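Inspection log for the structure reproduced underneath, given as structure tokens.
The values are calculated or read from the model by the stated rules, or taken from the named source; none is laboratory data. Given the structure is predicted, the values throughout are model-derived calculations rather than measurements. Positions of Cβ are generated from backbone atoms using ideal geometry, with glycine treated the same way; all protein chains shown enter the neighbour counts. When the accessible area is computed, the model is the full protein with side chains, heavy atoms only, and any ligands, DNA or RNA have been set aside. Shrake-Rupley method; radii C 1.70, N 1.55, O 1.52, S 1.80 Å.
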Amino acid sequence: MNQASNPQTATVTARDPRRWVILGVMALAQLVVLLDNTVLNVAIPTLNEELDVSAAEIQWMINAYALVQSGLLLTAGSMADRYGRKRALMLGLALFGLASFVAAFSISSGQLIAARAAMGVGGALLMTTTLAVIVQVFDDEERPKAIGIWAAVGAFGFAAGPLIGGGLISVFWWGSIFLINVPVAIIGLLAVAKLVPESRNPDVGKADPVGAVLSIIAMFSIVYAIISGPEYGWTSVSVIGAASLGSLVLLAFVLWERHIPHPMIDMAFFRNRKFIGAVSGGLLIAFGMGGSLYLLTQHLQFVFEYSPLEAGLRIAPLALTVVALNLSGFGARVMAKIGTPLTVLSGMTLLSVGLFSIGYFGRDGYGGMVGGLVLIGMGIALAMPAMANAIMSAIPREQAGVGASIQGALTEFGYGLGVAILGAVLMSRFTGALPASIGAEDPESLPEALAAADSPTAVGQVADAFASGIHVSQFAGAIAVFAGGVLAAAFLYNARGKTTADTAVTSQ
């Protein structure tokens with residue numbers, strides 16, 4: 001028999017006086033985890049020069065981290081619930097710090113790729129345990145504000161990666177973008193050992209090694225297909241093969257989890273409308289954020305010709321808005337007044353309007369983008385913490401690690417889908433808008449199209465075609481995010497007043 005546990009089993013009865021210091025440690029760990037998703041992008045020219053690497057090796061340097069992290073998320077969350085979240089957190093910090101040190105002083109592409117993969121292992125443990133610890137330490141009243149701060153710091157890390165990476169490389173060497181993780185890991189280890197209480201699921205049952213293997217293969221394959229699609233083509237053998245394998249193994253994972261008495265993930269969660277609404281909304285928030293940042297960096301660097309560091313500085317209003325609003329508790333106060341469904345809808349509407357505003361008003365210069373960047377930041381500040389809180393409150397507290405792993409998986413999938421789908425829209429519009437003489441060359445990127453342009457007029461036409469692709473893809477992202485907000489809010493609204501225990505069903 002497989003039944004969701006009572007969410008009140010591990011309810012915190014007294015507030016830990018150290019809870020805000022613990023939150024600071026969790027937020028710092030989350031910062032470096034998400035920072036390393038984007039910080040390496042600005043180091044590509046330097047790595048090309050100093051390590052003499054190929055384009056394929058560069059892609060593996062960037063993607064090894066995300067692939068390993070995504071593949072291990074569900075397993076890491078289950079392990080944290082089973083063996084102890086504090087123990088998993090300390091292991092994650094140790095692995096992340098050690099791997100970062102190796103990456104900083106790598107002397108070959110293979111060594112750097114291996115170090116990035118090891119960082120992904122540590123990142124998977126950190127992404128699941130930081131949120132799970134917050135759920136354990138904070139009660140229902142304070143949890144929305146705590147999750148808001150945690151989400152704000154994470155969003156800042158993701159958005160500020162190019163800026164921080166560019167700043168470090170301009171002063172130090174490329175390895176400094178990894179070396180900054182080492183003191184964070186050391187401080188985190190000492191703080192966790194001293195402050196964080198141990199917690200685990202008291203009724204965890206038998207281990208599920210088959211489910212762990214299936215989840216790793218499924219998530220790794222699907223994320224690989226999402227990441228590789230824009231580079232190799234969506235109809236390429238490798239992408240179709242990876243997507244097919246991932247889908248089949250994911251189906252096998254679901255069937256297996258429904259069959260065994262002690263699954264990694266209780267499939268009854270997916271009959272909970274609150275959980276479904278939170279999952280769908282969380283995916284599309286990450287879709288909008290990942291896609292918008294990808295389009296913004298393309299827009300600023302290729303259309304307005306800013307350097308990576310200059311582009312990172314101009315994205316700062318988005319990241320600073322998220323941090324300022326969530327550190328002030330703005331999102332938590334709004335959610336307390338209007339409820340989770342309207343908070344999610346409001347946030348995703350602002351995110352959608354921000355994307356549309358950048359696409360429409362950002363045609364002629366950066367000045368037209370600033371308002372849109374602030375709107376996107378406001379939308380993320382409202383919707384992301386509300387969605388994370390909805391996911392975690394729809395799952396029993398003793399399974400917080402699994403809940404956090406689902407939230408982390410959604411974030412990774414959403415970021416990847418945003419880049420892949422909006423990037424495909426961008427290239428489709430771009431190639432369709434090129435002059436016939438250049439379009440005949442079938443360019444696969446802006447640099448290739450510029451190389452094929454044989455006159456100043458043709459160069460201008462290529463730039464106009466790329467800008468048109470940017471604007472159309474921003475409009476497409478705006479529509480997708482708004483539709484997702486309506487869908488998520490509808491599910492959350494219909495599920496008001498229901499708990500996981502109310503909606504969980506018993507399966508034989």
Restrict the check to the stretch 230-238 and report whether at least one residue is open to solvent by 30 Å² or more (accessible area, probe 1.4 Å), of a type in the set (Phe, Trp, Tyr) and touching a residue at least 60 places away in the same chain (Cβ under 8 Å). yes
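Identify all residues within the stretch 233-282 that are of a type in the set (Asp, Glu) and part of a helix (DSSP H, G or I); write none if there are none.
Across the stretch 233-282, the qualifying residue is only Glu257.
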Is it true that some residue in the stretch 432-446 is outside any helix (DSSP H, G or I), open to solvent by 30 Å² or more (accessible area, probe 1.4 Å), at pLDDT below 75 and among the hydroxyl-bearing types (Ser, Thr, Tyr)? yes
Restrict the check to the stretch 305-324 and report whether at least one residue is of a type in the set (Lys, Arg) and touching a residue at least 60 places away in the same chain (Cβ under 8 Å). no
Please give the number of the condition Ser405 fails out of (1) open to solvent by 10 Å² or more (accessible area, probe 1.4 Å); (2) closer than 30 Å to Met264 by Cβ; (3) polar (S, T, N, Q). (1)
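Taking Gly423, is it modelled with pLDDT under 80, in a helix (DSSP H, G or I) and in contact with a Pro (Cβ under 8 Å, 6 or more places away or on another chain)?
Values: modelled with pLDDT under 80: yes; in a helix (DSSP H, G or I): yes; in contact with a Pro (Cβ under 8 Å, 6 or more places away or on another chain): yes.
Answer is yes for this residue.
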Residue identified as part of a helix (DSSP H, G or I), on the phi < 0 side of the Ramachandran plot and over 20 Å from the mean Cα position of the chain (by Cα) among Met119, Met90, Met127: Met90
Between residues in the stretch 11-29 that are within 10 Å of Asp139 (Cα to Cα) and residues that are modelled with pLDDT of 85 or more and open to solvent by less than 70 Å² (accessible area, probe 1.4 Å), which pairs lie under 8 Å by C-beta distance while being six or more apart or on different chains? Asp16/Ile22
Go through (1) at pLDDT 75 or above; (2) farther than 26 Å from Phe275 by Cβ; (3) part of a helix (DSSP H, G or I) and name the single condition Pro45 misses. (1)
Can Gly84 be described as touching a Ser or Thr at 6+ places or on another chain (Cβ under 9 Å) and either over 23 Å from Ser199 (Cβ atoms) or at pLDDT below 90 (or both)? yes
Filtering the stretch 77-87 down to residues that are in a helix (DSSP H, G or I), open to solvent by less than 10 Å² (accessible area, probe 1.4 Å) and of a type outside the set (D, E, K, R) yields Gly77, Ala80
In the stretch 48-76, what count of residues is obtained for those that are open to solvent by 40 Å² or more (accessible area, probe 1.4 Å) and either modelled with pLDDT of 80 or more or closer than 24 Å to Tyr415 by Cβ (or both)? 6
Complete set of residues in the stretch 176-229 that are aromatic (Phe, Trp, Tyr) and open to solvent by 60 Å² or more (accessible area, probe 1.4 Å): Phe220
